[in-house]
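Below: the structure, in structure tokens.
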Amino acid sequence: MGVTNKRTLSKTRRKTRDLDQIKADLLSPKHLAQFKQTKAPEDLPGLGKWYCTECAKWYETEVSLVVHRKGKPHKRRVKQLREEPYTQKEAEAAIGLQTDNKGPYREDKAADNEITMTT
């Protein structure tokens, strides 16, 4: 009984860390150390000595790490990491949700709804 959808298997095999996780690694050495402790050094390429933090990849030798850092995929990833990530507020504003509950006509409608009663 094997995997029926081999495409799904290959996509999950190539899954790397997300940009927000890598950003947290760069900002906090504690976060990076915690991630590295989850991996057994015997199972990693080069016994876990050479790691590219920006790309979240392990390398066999120092030479391959240096060659990787000069390459286009690494430079592209560094450029992506320089950009500020979107916040939840920005995402909600993009789809039209407002978190401040103050619409452009909210105050005017409240003033129009007031009725003075005289007897």
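Under 13 Å from the Cβ of Glu90, count the other residues' Cβ atoms, weight Lys and Arg +1, Asp and Glu -1, and hand me the total. Working shown, then result.
Details: positive: Lys89; negative: Glu83, Glu84, Glu92.
Charge balance in the 13 Å sphere: -2.
Could you order Lys30, Lys15 by accessible surface area, starting with the largest, using a probe radius of 1.4 Å?
Ranking Lys30, Lys15 by accessible area, largest first, yields Lys30, Lys15.
What are the ³J(HN,Hα) values, in whole Hz, obtained from phi via the Karplus relation 6.51 cos²θ - 1.76 cosθ + 1.60 with θ = phi - 60°, for each residue of the stretch 19-36 in sequence order, with x given for Gly and Pro?
So the Karplus estimates, Gly and Pro as x, are 4, 5, 5, 5, 4, 5, 5, 5, 7, 10, x, 5, 5, 5, 5, 5, 5, 5 Hz.
Ordering Glu42, Glu62 by accessible area with a probe of 1.4 Å, largest first, what comes out?
Glu42, Glu62
The values are calculated or read from the model by the stated rules, or taken from the named source; none is laboratory data. The model shown is predicted, which means the values in this text are computed figures rather than measured ones. Cβ coordinates were reconstructed from backbone atoms using ideal geometry, including for glycine residues, and neighbour counts include every protein chain displayed. Note: areas computed on protein heavy atoms with side chains; ligands, DNA, RNA excluded. Shrake-Rupley method; radii C 1.70, N 1.55, O 1.52, S 1.80 Å.
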